[in-house]
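Heads up, the thing below is written out as structure tokens.
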Amino acid sequence: MPRARHLLLALLAALALAACGKDGGDLGKGPVIGKEGGDEGAAPALGFPAFATKNTTRVGGADATADAAAIARAVYSGTSDTTRPRAVTLVDRDDWQGGIAASVLMSPPVRAPVLLSDGDELPDASASTLSALSPTGAKPLGGVQVIRVGDVARPRDAKSLQVGGGNPYARAAQVDRVAARAAGRTSDRVVIASGERAEFAMPAAGWAAKSGDAVLYVKRDELPRETAAALRAHQQPKIYVLGPPDVISNRVVGQLRRLGTVTRIGARDAVGNAIAFARFVDGRFGWGVVDPGHGLVFASTTRPLDAAAAAPLSATGKYGPLLLVTPGALPKELVQYLLDIQPGYERDPVRGVYNHGWLIGDDRAISVADQARIDSLLEIVPVSPTPPAGLPSS
């Protein structure tokens with residue numbers, strides 16, 4: 001299994017890259033390949049339990065820049081032409097709106113993961129990843145290798161496309177135009193997210209990467225003209241508003257109804273909102289994750305660009321929605337949701353289905369204790385079959 005071994009080594013190397021560069025406790029020291037049984041601390045050095053447990057894998061970056069680089073390498077090992085991306089998208093590390101909107105470019109046909117820029121400088125993690133991936137060029141965009149969103153670094157020796165816009169609403173609209181150009185049409189569905197409340201917009205990134213549905217922004221009480229113009233280009237799409245009325249007002253929803261059919265997906269807080277989106281389904285729109293057997297992605301509400309960094313994990317591998325955690329203990333509604341979709345078996349777990357979780361960020365984003373709790377909630381468990389009516393259970 002030489003190919004599988006190469007992919008595993010690439011993933012471990014990417015995770016190790018993500019953990020270095022800042023102080024992050026034990027997470028900054030591994031994983032290290034090749035430890036022997038007699039070596040001191042061999043098990044934690046190999047990455048357990050912080051980097052991986054039986055049902056979770058952590059991308060342990062101290063910031064979203066490192067996470068994005070590691071995830072790009074995990075999804076695209078770059079070991080051959082078939083494991084290199086067509087393009088990558090560069091977004092500024094302070095532009096969460098641009099990152100979430102640009103996640104749509106991870107969908108076919110471009111399939112471009114997000115890397116982060118520090119203004120007009122390219123951080124080491126992003127530069128080394130871009131060099132290792134060596135994008136092949138996105139033919140639907142004229143062979144572009146790097147899609148630059150906003151005022152970001154301009155890598156040398158790479159064909160690039162500039163996505164402009166003087167504000168987040170304009171940049172999201174421009175990203176939408178690029179995605180439509182690549183696909184040869186505008187999407188039939190559009191996600192409307194808050195351009196002011198990042199934690200409510202975060203779940204849109206993974207869905208956009210999987211589906212190719214555009215992400216556009218509004219303010220709480222205002223429909224920006226750039227967003228309205230972009231929606232008109234979609235010609236009466238199905239519009240899905242992500243967030244409750246105190247995040248996107250009913251007044252704005254009323255304005256959106258003139259531009260398409262509108263459905264609100266909202267819950268009281270950001271954690272519940274992400275769960276509501278994970279459960280939601282409307283025809284071809286929505287994850288519809290209401291049963292066991294799924295990939296899941298977990299990120300902290302305190303690190304919005306981790307949503308863009310993690311978007312490729314929602315669009316490849318096990319696929320799956322982004323769920324949110326908050327500082328402190330795991331939110332009760334998240335625990336209940338994971339219990340609702342926890343796998344079970346009656347006779348043999350080998351015949352069951354399984355959940356897997358990607359955790360994004362170091363132990364300051366998601367603690368090792370929370371990781372252990374998530375792991376236990378994802379574990380397949382024995383269940384008793386329901387006896388026929390009128391018969392006692394054994």
### Query
Are any residues in the range 156-186 touching a helix residue (DSSP H, G or I) at 6+ places or on another chain (Cβ under 7 Å), part of a loop (DSSP other than H, G, I, E, B) and at negative phi, and if so, which ones?
GLY164, THR186
### Task
Being more than 24 Å from the chain's Cα centre (by Cα) and within 17 Å of SER126 (Cβ to Cβ) is the filter here, so list the residues in the range 147-165 that pass it.
ARG154, PRO155, ARG156, ASP157, ALA158
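Yes/no per residue for (1) in contact with a Phe, Trp or Tyr (Cβ under 7 Å, 6 or more places away or on another chain); (2) closer than 22 Å to GLY98 by Cα; (3) not aromatic (Phe, Trp, Tyr):
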position: TYR240; (1), (2), (3): yes, yes, no
position: ARG264; (1), (2), (3): no, no, yes
position: ASP282; (1), (2), (3): no, no, yes
position: ASP291; (1), (2), (3): no, no, yes
position: VAL297; (1), (2), (3): yes, yes, yes
position: THR301; (1), (2), (3): no, yes, yes
position: GLY317; (1), (2), (3): no, no, yes
position: PRO327; (1), (2), (3): no, no, yes
position: PRO331; (1), (2), (3): no, no, yes
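Results for (1) among the aliphatic types (A, V, I, L, M); (2) buried (at least 23 other Cβ atoms within 10 Å of the Cβ); (3) touching a residue at least 40 places away in the same chain (Cβ under 8 Å); (4) in contact with a His (Cβ under 8 Å, 6 or more places away or on another chain), shown as yes or no for each residue.
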position: GLN97; (1), (2), (3), (4): no, yes, yes, no
position: ILE100; (1), (2), (3), (4): yes, yes, yes, no
position: ALA125; (1), (2), (3), (4): yes, yes, yes, no
position: ALA132; (1), (2), (3), (4): yes, no, yes, no
position: LEU141; (1), (2), (3), (4): yes, no, yes, no
position: VAL149; (1), (2), (3), (4): yes, yes, yes, no
position: VAL152; (1), (2), (3), (4): yes, yes, yes, no
### Message
Suppose we keep only residues that are assigned to a helix (DSSP H, G or I) and not β-branched (Val, Ile, Thr) within the range 355-376. Which one would you say is farthest from LEU338 (Cα to Cα)?
### Response
ALA369
### Task
Of all residues in the range 274-309, count the ones that are among the acidic types (Asp, Glu) and under 14 Å from the mean Cα position of the chain (by Cα).
1
### Hits in the range 336-365 (condition: surrounded by fewer than 15 Cβ atoms within 10 Å (Cβ to Cβ) and either without any contact (Cβ under 8 Å) to a residue 12 or more places away in the chain or more than 16 Å from HIS294 (Cα to Cα) (or both))
GLN336, GLU346, ARG347, ASP348, VAL350, ARG351
### Task
Could you list, in sequence order, all residues of the range 73-91 that are at pLDDT below 95 and either in a loop (DSSP other than H, G, I, E, B) or within 19 Å of the chain's Cα centre (by Cα) (or both)?
SER77, GLY78, THR79, SER80
### Message
Could you check the range 89-109 and list, in sequence order, the residues that are of a type in the set (Asp, Glu) and touching an Asp or Glu at 6+ places or on another chain (Cβ under 8 Å)?
### Response
ASP92
### Query
How many of the residues in the range 210-238 are of a type in the set (Gly, Ala, Ser) and in contact with a Leu (Cβ under 8 Å, 6 or more places away or on another chain)?
2
### Task
Identify all residues within the range 42-72 that are surrounded by fewer than 24 Cβ atoms within 10 Å (Cβ to Cβ), of a type in the set (Gly, Ala, Ser) and not in a loop (DSSP other than H, G, I, E, B); write none if there are none.
ALA42, ALA43, ALA45, ALA52
#### Entry: Pair list, Cβ under 8 Å, 6 or more apart: the range 255-266 residue part of a strand (DSSP E or B), other residue among the acidic types (Asp, Glu)
THR263/ASP282
### Message
PRO292 - would you say it is outside any strand (DSSP E or B) and closer than 30 Å to TYR240 by Cβ?
### Response
yes
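Per-residue answers, yes or no, for (1) in contact with a helix residue (DSSP H, G or I) (Cβ under 9 Å, 6 or more places away or on another chain); (2) surrounded by fewer than 20 Cβ atoms within 10 Å (Cβ to Cβ); (3) not polar (S, T, N, Q):
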| position | (1), (2), (3) |
| --- | --- |
| ALA230 | yes, no, yes |
| VAL241 | yes, no, yes |
| GLY254 | no, yes, yes |
| VAL262 | yes, yes, yes |
| GLY288 | yes, yes, yes |
| SER300 | yes, no, no |
| GLY317 | yes, yes, yes |
| ALA329 | yes, yes, yes |
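The values are calculated or read from the model by the stated rules, or taken from the named source; none is laboratory data. Worth saying up front: this structure is predicted, and the values here are computed from it rather than measured. Cβ atoms come from the backbone with ideal geometry, glycine included; neighbour counts cover every protein chain shown.
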